Amino acid sequence: MSQSYKTEAIVLRKLRYGEADSILHLYTQQHGRVGAIAKGVRRSKSRFGGRLEPFFRLELVLHEGRGDLATVTSASTVEGYPHLRERADSLDSAAKVGDFVLRLLDDREKNVPAYNLITNMLALLDADPRAARREVGLAFRAKMLLAAGFSPELGSCVQCGATEDLVAFSPSGGGIVCRDCREGRDLDFSPDAYAFMISLIATPLAGAPDASQDSQRQVDKAITQTLEHHANVRMRSIA
């Protein structure tokens, strides 16, 4: 049964298709991840103009028929985030956001916290050049971990409940572990990395604190390996 619906969406990726069409990977406010085709969008006189580009926030009307892809029938710009496109590091950070979301959230399930987090990250990259710091990118990933339902245990050892001598992170256990419970596959997790990860989750994106490269590396591995174990997805390092 065919139907049309209106939704807000972020364009995360755009691929050429045929002579003038494009395939869009969208993350929508009401329907989660959606694949869509924009017909004739690459023609010079396309009615969509330059709106259907990566990292645009749009109001779309999508028509669903029998195929896997919806068809874009109407598009208006909510926010184009023009300034992030003027800076190579901001654009690179936005691309990493898109890649992370596409790997993690692969189904059509409404997730408003995830959608809001994506829009907040793009708005920050647009407004502040310092948002392209790796620490902010890690803050986005840590918060997206929660939005996707994979909240790590950081208050006490995930194995025994101890609150002292927490020295490692267990991706399979989903949290911090103490020295007595540490196993061979658990990751080194220094006190600085531990404090850094807690602050990434607890503070707004714009407040992501500076951290050493070693702390960044440890937190990055904790996030990516947790998702690889529990969500069965391969994640690229933020580096």
(message) Looking only at region 1-51, filter to residues that are under 24 Å from ILE118 (Cβ atoms) and at pLDDT below 90; which one of those is nearest to the chain's Cα centre (by Cα)?
(response) ARG51
(message) Quick test for you: out of SER215, SER151, SER199, pick the one residue that is under 22 Å from the mean Cα position of the chain (by Cα) and in a loop (DSSP other than H, G, I, E, B).
(response) SER151
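Restricting attention to region 162-184, which residues are among the small types (Gly, Ala, Ser) and in contact with a Cys (Cβ under 9 Å, 6 or more places away or on another chain)? Don't jump to the end; show me each part of the working.
As a first pass, look at region 162-184 and keep what is among the small types (Gly, Ala, Ser): 162, 168, 170, 172-175, 184.
The answer is ALA162, ALA168, SER170, GLY173, GLY175.
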(message) Go through (1) in contact with a Lys or Arg (Cβ under 7 Å, 6 or more places away or on another chain); (2) buried (at least 19 other Cβ atoms within 10 Å of the Cβ) for ALA20 and report which single condition fails.
(response) (2)
(message) Anything in region 65-80 that is surrounded by 15 or more Cβ atoms within 10 Å (Cβ to Cβ) and not in a strand (DSSP E or B)? List them, or say none.
(response) LEU69, GLY80
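The values are calculated or read from the model by the stated rules, or taken from the named source; none is laboratory data. All values derive from a computational prediction rather than experimental measurement. Methodologically, a virtual Cβ is constructed for each residue, glycine included, from the backbone with ideal geometry; neighbour enumeration extends over all protein chains shown.
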